[in-house]
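Below: the structure, in structure tokens.
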Amino acid sequence: MVGKIRIFVVRAVVAVVFLYAGVMKIWDFKHGRSATPDFTVAIQHFELLPNPDLAVALAVYLPWLEVIAALALFVRRLALGAATAISGMTVVFLVALASAWHRGLDISCGCFGKDESSTDYRTLLVRDGLLLAAALTLLWHEARKVKTVG
């Protein structure tokens, strides 16, 4: 019973983080407008994509993937896929942050919308590392459930 509660808490925390992050990249509540243009600029500041159109596509679709994956964590048939997607996204976020830090870029990460200040890479890498550990815990839990059923 305690294990189920722990997994539920981990699931809820990961879901809330990704739901909030996705929503804040979709809509700028402070200014009452789409947040996509600001998120596009944040993506371009990482200087990882060869084409600005890719940044626009990523800014449009990534937040929706975050929202859908967060909600899917609570749907039994979708939880394994959601945990896989969230783990994968978190790895990509970690690599992008580490790359920007290594190259000495002074950027706003855009992780939770526009209102972030300059990037404190150590804090962000620790935060995302903990988020990855939580996502991998869910992935392991869901994969184990599928293995025992099948």
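The values are calculated or read from the model by the stated rules, or taken from the named source; none is laboratory data. Just so it is clear, the model here is predicted, and its values are computed rather than measured. Reconstructed Cβ throughout: ideal geometry from the backbone, glycine too, with neighbour counts over all protein chains shown. SASA here: full protein model, heavy atoms, side chains in, ligands and nucleic acids out. Shrake-Rupley method; radii C 1.70, N 1.55, O 1.52, S 1.80 Å.
Against the conditions (1) assigned to a helix (DSSP H, G or I); (2) exposed (fewer than 12 other Cβ atoms within 10 Å of the Cβ), where does Leu131 fall short? Just the number, please.
(2)
Among the residues of the range 2-9, is any part of a helix (DSSP H, G or I), buried (at least 19 other Cβ atoms within 10 Å of the Cβ) and among the small types (Gly, Ala, Ser)?
Taking the range 2-9 and keeping what is part of a helix (DSSP H, G or I), we get 2-9.
From what is left, the residues that are buried (at least 19 other Cβ atoms within 10 Å of the Cβ) are none.
So far as the range 2-9 goes, no, none of its residues is part of a helix (DSSP H, G or I), buried (at least 19 other Cβ atoms within 10 Å of the Cβ) and among the small types (Gly, Ala, Ser).
Looking at the range 41-58, which of the residues that are β-branched (Val, Ile, Thr) and open to solvent by 40 Å² or more (accessible area, probe 1.4 Å) is modelled with the highest pLDDT?
From the range 41-58, those β-branched (Val, Ile, Thr) are 41, 43, 56; that's our starting set.
Next, from what is left, pick out any that are open to solvent by 40 Å² or more (accessible area, probe 1.4 Å): 41, 56.
On the way: Val41: 94, Val56: 97.
Per the stated criteria, the residue is Val56.
Okay, residues lined up against (1) in a helix (DSSP H, G or I); (2) out of contact with any helix residue (DSSP H, G or I) (no Cβ under 9 Å at 6 or more places or on another chain); (3) open to solvent by 20 Å² or more (accessible area, probe 1.4 Å):
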site	(1), (2), (3)
Val92	yes, yes, yes
Cys109	no, no, no
Arg122	yes, no, yes
Arg144	yes, yes, yes
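For the range 128-140, check the following and say yes or no: at least one residue is closer than 19 Å to Val16 by Cα, of a type outside the set (Asp, Glu) and modelled with pLDDT under 95.
As a first pass, look at the range 128-140 and keep what is closer than 19 Å to Val16 by Cα: 128-139.
From what's left, of a type outside the set (Asp, Glu): 129-139.
Filter again for modelled with pLDDT under 95, leaving none.
No: zero hits.
Just to verify a result, which residue in the range 59-81, among those that are without any contact (Cβ under 8 Å) to a residue 24 or more places away in the chain, closer than 18 Å to Val146 by Cα and not basic (Lys, Arg), is most open to solvent (accessible area, probe 1.4 Å)?
Result: Leu78.
Mind checking whether some residue in the range 24-40 is hydrophobic (A, V, I, L, M, F, W, C), assigned to a helix (DSSP H, G or I), in contact with a Phe, Trp or Tyr (Cβ under 9 Å, 6 or more places away or on another chain) and open to solvent by less than 70 Å² (accessible area, probe 1.4 Å)? Walk me through how you get there before you give the answer.
So in the range 24-40, the residues hydrophobic (A, V, I, L, M, F, W, C) come out as 24, 26-27, 29, 35, 39.
Those still in the list that are assigned to a helix (DSSP H, G or I) too: 24, 26, 39.
Checking the rest, the ones that are also in contact with a Phe, Trp or Tyr (Cβ under 9 Å, 6 or more places away or on another chain) come to 24, 26.
Checking the rest, the ones that are also open to solvent by less than 70 Å² (accessible area, probe 1.4 Å) come to 24, 26.
Checked against the condition, which is being hydrophobic (A, V, I, L, M, F, W, C), assigned to a helix (DSSP H, G or I), in contact with a Phe, Trp or Tyr (Cβ under 9 Å, 6 or more places away or on another chain) and open to solvent by less than 70 Å² (accessible area, probe 1.4 Å), the range 24-40 yields at least one hit.
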